[in-house]
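Visitor: Take this structure, written in structure tokens, and hold onto it; I'll ask about it next.
The values are calculated or read from the model by the stated rules, or taken from the named source; none is laboratory data. Keep in mind that what you see is a predicted model, and the values were worked out from it rather than measured. When we count neighbours, we look across all protein chains shown, and the Cβ atoms used for this are built from the backbone with ideal geometry, even at glycine. Only protein heavy atoms, including side chains, enter the accessible area calculation; ligands, DNA and RNA are left aside. Shrake-Rupley method; radii C 1.70, N 1.55, O 1.52, S 1.80 Å.
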Amino acid sequence: MTKAPVNLQDLRRRIYRKAKSEPTHRFWGLFVHVTKAETLEQAYCNAKQNGGAPGVDGQSFKDIEAQGRTAFLAAIREDLVANRYEPKPNRRKDIPKGNGKVRTLQIPCIRDRVVQGAVKLILEPIFEADFCTNSYGFRPRRSPHRALAEVRRSVLRLMSTVIDVDLSRYFDTIRQSVLLDKIAKRVQDPEVLHLVKQILKVGGKVGVPQGGPFSPLAANIYLNELDWTFDAIRRKTAEGPYEEVNYHRFADDIVITINGHHSKRGWADRAQQRLQEQLVPLGVELNKEKTKVVDLLKGEAFGFLGFDLRRIRKRKGNGHYLQMTPKKKARKAIKAKIRDIIRHGGATPLPKMIEQINASLAGWITYFRVGNSSRAFSEVRDYTEMKVRNLLTRRKRRKKTSIGWRRWTNEYLYGVLGLYWDWKVQPLPGAKRLT
């Protein structure tokens, strides 16, 4: 996120301190901060940094910059202050999930992204003060790697029974009235609540539209009580400094770890029962086909944040480690992306195409390099080299008798073309260093 101006940073810091010191305080007078020029400017900068395609109006950031950013933001502010603001419909885009199903993104217009971002900038510090430490998704100074480090810590502390939780269509099933009630417990500002209602309703009568800046915050608010319920269980069942149960959530990806000792037999069933009791009032359902109890002592694996995780005995000495390998789905996804870049490249100059391939590889490798990813990296690297060699052969109009190992050497691919070459695997930082 782009660094906010000092005045906005100071405002957010003061809101956070107030919310942290007074857990029952309801904030009022927030709308004036949402509509401040510096808040809207920061929301615009954040939206531009995140990029994204235009909404239904077809307006891009380039168009806005050409017409004048200041006038664009002034028009938004004027509509908000005069109570004329109405969000436009979201542009829907289906993303294949690999199992024949799709995940529907709802892409707001840039104008609506700015409004959502401004609302988030002011509301986020209130609810950040309320959020539980076992929630890691889309929060300041937290990341998927921190969540993975905490899960590893739990497993290596003998919590070898894992409930791999899968929520069925979580964002699509959020009850808007329940979410608004949760927000209203902390916000006593009718104009801000009206804005939030407008943001939600534009996506339909049920659910939170994925694709806008506000949806991650809304998703965390909705499950915050669930997070605290399992944190209370963690504290209640702890024996001295050692925990018997732990809970980790990143957005809608949840794992619950339980001590595998025979005296804790039945705890997994009770944890699932408690989970179900918390989800029913929210209208959120478990995907019973994908939610499973895993026994790591039997060599079974579970999935979390794109990795398959498995407890493995060390080759030398005693003890175990948590092996983390990129899921097959993740490997297929990056290969599909490389294939699409080359397939739809047309007459794109080769340096530009290599630049696009490198950008895709860099993000994927940076994320997965903290795991036991050497084999997966070799698979993806070999695939990328093959596709690039095939492309070179086609463009040189040579008879394709091979994939060009001799003509298009590694020295040419990496030294001349500049194909991405930072496949180094790095250890996942420890949980203590990330706190």
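Visitor: What residue, among those in the range 219-244 that are open to solvent by 10 Å² or more (accessible area, probe 1.4 Å) and touching a strand residue (DSSP E or B) at 6+ places or on another chain (Cβ under 6 Å), is farthest from PHE304 (Cα to Cα)?
Guide: THR237
Visitor: For a quick check of your reading of the model, give me the residue pairs whose first member lies in the range 180-193 and is of a type in the set (A, V, I, L, M, F, W, C), whose second is not in a helix (DSSP H, G or I), with beta-carbon atoms closer than 6 Å and at least 6 apart or on different chains.
Guide: Within 6 Å, the pairs are VAL187/PHE27; VAL192/LEU30.
Visitor: Also, I was wondering about something else. Regarding ALA376, is this residue in a helix (DSSP H, G or I), of a type outside the set (Asp, Glu), buried (at least 19 other Cβ atoms within 10 Å of the Cβ) and touching a Lys or Arg at 6+ places or on another chain (Cβ under 7 Å)? Even if it seems obvious, please write down each step before you answer.
Guide: Details: in a helix (DSSP H, G or I): yes; of a type outside the set (Asp, Glu): yes; buried (at least 19 other Cβ atoms within 10 Å of the Cβ): yes; touching a Lys or Arg at 6+ places or on another chain (Cβ under 7 Å): yes.
Yes; evaluated as a whole, the condition is true for this residue.
Visitor: Just for the range 334-359: of the residues that are in contact (Cβ under 8 Å) with a residue 40 or more places away in the chain and out of contact with any Phe, Trp or Tyr (no Cβ under 8 Å at 6 or more places or on another chain), which one is most open to solvent (accessible area, probe 1.4 Å)?
Guide: PRO351
Visitor: Looking at (1) under 23 Å from LYS88 (Cα atoms); (2) open to solvent by 10 Å² or more (accessible area, probe 1.4 Å), find the lone condition where LEU200 falls short.
Guide: Status for LEU200: all satisfied but (2).
Residue-wise test of (1) surrounded by fewer than 16 Cβ atoms within 10 Å (Cβ to Cβ); (2) out of contact with any helix residue (DSSP H, G or I) (no Cβ under 8 Å at 6 or more places or on another chain); (3) in contact (Cβ under 8 Å) with a residue 60 or more places away in the chain.
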{"site": "ALA271", "(1), (2), (3)": "no, no, yes"}
{"site": "VAL280", "(1), (2), (3)": "yes, yes, no"}
{"site": "LEU286", "(1), (2), (3)": "no, no, yes"}
{"site": "LYS290", "(1), (2), (3)": "yes, yes, yes"}
{"site": "VAL294", "(1), (2), (3)": "no, yes, yes"}
{"site": "LYS298", "(1), (2), (3)": "yes, yes, no"}
{"site": "GLY303", "(1), (2), (3)": "no, yes, yes"}
{"site": "GLY306", "(1), (2), (3)": "no, no, yes"}
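Visitor: Can you tell me which residue within the range 417-431, out of those that are of a type in the set (A, V, I, L, M) and under 15 Å from TYR367 (Cα atoms), is modelled with the highest pLDDT?
Guide: VAL425
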